[in-house]
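The values are calculated or read from the model by the stated rules, or taken from the named source; none is laboratory data. Everything numeric in this text was worked out from a predicted model, so none of it was measured. Methodologically, a virtual Cβ is constructed for each residue, glycine included, from the backbone with ideal geometry; neighbour enumeration extends over all protein chains shown. To get the accessible areas, we keep the full protein, side chains included, count just its heavy atoms, and leave off ligands, DNA and RNA. Shrake-Rupley method; radii C 1.70, N 1.55, O 1.52, S 1.80 Å.
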Amino acid sequence: SMAIPPLEALEDAETVTTDGHWYARDLLYDWDTFVENIVDPSHVPYAHHGIQGSRKKPMQFGLKLSRSERDSGVRGDLCPQDPALVNVAEEAAKHEGSFIEFRPPFLIRYNFQSRSSFGKTKEVDTKRAANLCIFGIPTKPGHCRVLFKFVIVNAGSLPKFARWLIARTPTWKDHQTRNKVFDSDAFLLYLQEMELAQGTKDGWKEKFFMPTSLDALVTGFRTWVDKFTNGGPYGLAGADTGKSAGAAAAAYTKREVMDRYEQHTKHCKACSGALRNTKILQVAALVACVVGACLRNLPLALTSLAAAFYAEKWKQRFIFVDHIHAHQD
């Protein structure tokens, strides 16, 4: 079995942890496209601008490939962004212990130690570590399922209010944030996959431009797929037609690619329940609006109408919300 330290820490009574809710979603692009995107930290401030980071503040670190093996996958350790500083002990120490890895067949893990670029510089006996545990599961060609969990290990140094806030966040509210993140690059990744479909996926070397050290894991993962998997979980099916298995890609609309209801809400007890309650509140507000109008109670009618309108906006958050990058500033 695969040992996953942050998830094991949740079961350890002696380790102080803080964690978010599990999140799952079905995605309309292939497993290798998903993994490649997750192991690429440089896309975050651009693809997720305004949600996670800002395009005005790109990542301030590099990656050095430290592992590439058939059974244990690939790993990149955080290092100074400037190649000239990679071997400078004082600079390298700022990122010590922080890494991003892919461990076959499913796990992608981000581990950011508290003294890395992602944390504070406060020294503690046991360093705090923020972990993203992400499982990318191939379901069929051109589709995959993601399971996501956020865990802070050795969270005792976090302010109590921050720990309380994370623990008290409703599941459906946490899932709204996750939906925004996956929406913001879903169509980009779908279009990327369609572009790769014009050849075969092993032609990525000619189509990708990767000039920085932050691209190390993208290169490492794609090389790992080529070397050890014969083209991914479905092999090179379709090679005779010039298309890879993942590009069995039907043509989907943007709305289909970003359909929150079909991909998540209808399968999630918390979000489907919240959607049901929102619909009930909307109907109640409309009834109150009609009653207010009949009684010529203008404040009641207008307040209820506003509530019904607001409920409609919230209802759509569980179904579909378009994401236009140019509108995120």
Query raised in the report: Based only on Cα atoms, what Rg/Rh ratio does the range 12-161 have, Rh being taken as Kirkwood's radius?
Result: 0.97
Query raised in the report: Quick one: helix 269-294 against the long Cα principal axis of the chain, what's the angle to the nearest 10°, folded into 0 to 90?
Result: 30
**Report entry** the chain - Kirkwood radius from inverse mean 1/r over Cα pairs (Å)
**Finding:** 22.0
Report task. May I ask you to list the aspartates and glutamates whose Cα is less than 18 Å away from that of residue 254, ignoring any residue fewer than eight positions away on the same chain? Result -> 26, 30, 183, 185, 193, 195, 262, 322
Report task. Would you mind computing Rg(Cα) / (2.2 N^0.38 Å) for the range 31-109, counting N as its residues? Result -> 1.19
**Report entry** Calculated FRET value between residue 302 and residue 228, using beta carbons and R₀ = 56 Å, to 0.05
**Finding:** 0.30
Query raised in the report: What does the helix-only formula give at 222 nm for the chain: each DSSP H stretch with n ≥ 4 adding -39500 (n - 2.57), the total divided by the residues, and the result rounded to the nearest 500 deg cm²/dmol?
Result: -11500 deg cm²/dmol
Requested in this report: Find the eigenvalues of the gyration tensor of the Cα atoms of the range 277-329, then list the square roots of 5 times those eigenvalues as equivalent ellipsoid semi-axes, largest first, in whole angstrom.
Outcome: 29, 13, 5
Requested in this report: Send over the semi-axes of the range 166-220's equivalent ellipsoid, whole angstrom and largest first, taken as the square roots of 5 times the C-alpha gyration tensor eigenvalues.
Outcome: 32, 16, 8
Query raised in the report: What relative contact order, as a whole-number percentage, does the chain give when Cα pairs under 8 Å and 6 or more residues apart are counted?
Result: 20
Query raised in the report: How far apart, in nm, are two points set 7 Å out from the Cα along the Cα-to-Cβ line at residue 322 and at residue 181?
Result: 2.6
Query raised in the report: Computed FRET efficiency, Cβ-Cβ of residue 66 and residue 11, R0 30 Å: what is it to the nearest 0.05?
Result: 0.60
Report task. Working from Cα positions, state the angle (0 to 90°, nearest 10) between the long axis of helix 171-196 and the longest principal axis of the chain. Result -> 60
Report summary line: Rounded to the nearest 10 Å², the accessible area of residue 321 using a 1.4 Å probe with every protein chain kept is 50
Query raised in the report: Could you give the length gained on full extension between residue 206 and residue 295, defined as 0.36 nm per residue of separation minus the Cα-Cα distance, in nm?
Result: 25.0 nm
Query raised in the report: What does the accessible area of residue 88 come to, in Å² to the nearest 10, when a probe of 1.4 Å is used?
Result: 60
Query - Net charge dipole size for the chain [Lys, Arg +1 and Asp, Glu -1 on Cβ; Debye, nearest 20] - result: 1280
Query raised in the report: Can you pull out the GluC sites (Glu not before Pro) in the range 161-236 that DSSP calls coil and that have at most 13 other Cβ atoms within 10 Å?
Result: none
**Report entry** Rounded to the nearest 20 debye, dipole of the range 1-68 from Cβ charges on Lys, Arg, Asp, Glu
**Finding:** 620
Query raised in the report: For the range 166-230, with only Lys/Arg (+1) and Asp/Glu (-1) charged at the beta-carbon, what is the dipole magnitude about the Cα centre, in debye rounded to 20?
Result: 300
